[in-house]
Each structure stands twice: as C-alpha cells, then as structure tokens.
1. Using Cα atoms only, what is the angle between the long axis of helix 54-66 and the major principal axis of the chain, expressed in degrees (0 to 90) to the nearest 10?
2. Mind ranking 4-10, 53-59 by how tightly packed they are, going by the mean number of other C-beta atoms within 10 angstrom, highest first?
3. Relative to the longest principal axis of the C-alpha atoms of the chain, give the angle of the C-alpha long axis of helix 85-98, reported between 0 and 90° and rounded to the nearest 10°.
4. Can you check what the Kirkwood hydrodynamic radius comes to for the chain, Cα pairs only, in Å to one decimal?
5. Using a Gaussian network model of the chain with C-alpha springs under 10 Å, which one of 89, 194, 118 is most mobile by mean-square fluctuation?
6. Going by alpha carbons, how many degrees (0 to 90, nearest 10) lie between the helix axis of 135-146 and the longest principal axis of the chain?
7. I need 87, 171 ordered by Cβ neighbour count within 10 Å, fewest first.
8. Take every Cα pair under 8 Å in the chain that's 6+ residues apart, average their separations, divide by the length, and report that relative contact order as a whole percent.
C-alpha cells in the first residue's frame, strides 16, 4: 500500500489547518510505521471518536483496511460513497485489501442505487476487482440503467463495460451488445465482447450516447 498511502498522506497534509492538526497527523503516521496491536487499537478508536476530523478517520481506516482489520469496514464504505472522488478511490483501494465478505454487497448497493450514480464509479470498479457473486448482476443492472440518450454518467457506464469484459461472464453479452450502440462505449463494448468470445460487427451508433 506504500504508494497509495503516500498519496493519501500528501493530500491530507494540505488539509491541515492548525498546529494541533499537524500533531495529530504526525501521530497517525507514527502509528502506521509502528504497526503494533496497541497502535491498531488506537486507530480503531479514532474511527468512532466524534471529535476526530474526517481526514484522521480516513487515514486510520485506510491503514486498518489494508491490514485486513474489519473494524475499518463501516468507515471505508462511508468514504466509498463520499462526494469527493479522491476519497472514494482511497476507500476502494483499502476495501479491496480488506477481505470482508460484506464489501461486495455494499459496493453493489451503491453501484445500483439510481440516487447515487454520481458517486458510483469507484464502487463499479471495486466490484470488477472483487469478482464476487454480486459483481456481474450489479454491473449489468447499472449499465442497462445508464444506456439512455444523453445520460451524464457515461464514465460509470464505461467502467461497467470494462468490468464486465474483465469478469468474462456470458450473462453480460446482451448488455454489452446494447452498449456497443453508444458512441462513447462502442470501442470498449466491442473489446469486452471479444474477451467473452463474441466476435461480431458492432451495431450502428444509437440515437444518443450517454453524454
């Protein structure tokens, strides 16, 4: 997790607003370096302490999640659905390392929720990474919902297309064929179909891509 942790800590350092913040930040880095049972207990307490800022809980959850400590699960899922994509990406990375069986269900719930589509990119990518039983049905459902003209969430649809190709499940063929009719998705959909062993000329571009 070294590169991702450095990216996280560099970003968080820019959020510090006081000398007290800097002291707390340095304390967290020290706990990460020591990686002792007592240190992990202190990190776990930070996840629920009401006076802790979000950046402190994010660092604590990331460290615990990458260490496989399931006490980080709830905080990481909260961050996976956060309004800032950079925090979603950090949470998705840690959840991928966590190994908690609840992760796929949570990611599927976020990806398929039409009210949270704006924040669904990283849950979609996480589902493809997890290769869980929930992954293919959730990605198909999300993709089919986004195949409407002028849908603003075409990047989420593209992640679904790419994830379904990587997962290699033939249940995705109808949805991928439909996606091939949208200009922004056509190339990726054709590539994913080929990965599934379906070789065909892509259909003509449809009335409107998710744009």
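1. 70 degrees
2. 53-59, 4-10
3. That helix lies at roughly 80 degrees to the long axis.
4. Numbers: mean 1/r = 0.0548 Å⁻¹.
Mean inverse Cα-Cα distance, inverted, gives 18.2 Å.
5. 194
6. 70 degrees
7. Working: 87 20, 171 13.
With the fewest neighbours first, 87, 171 line up as 171, 87.
8. Values: 313 pairs, mean separation 26.7, N = 211.
13 percent.
Every number in this text was worked out from the coordinates using simple rules, so none of it is lab data. Being a predicted model, the structure only gives us computed values, none of them experimental. Backbone-built Cβ (ideal geometry, glycine too); neighbour counts: all protein chains shown.
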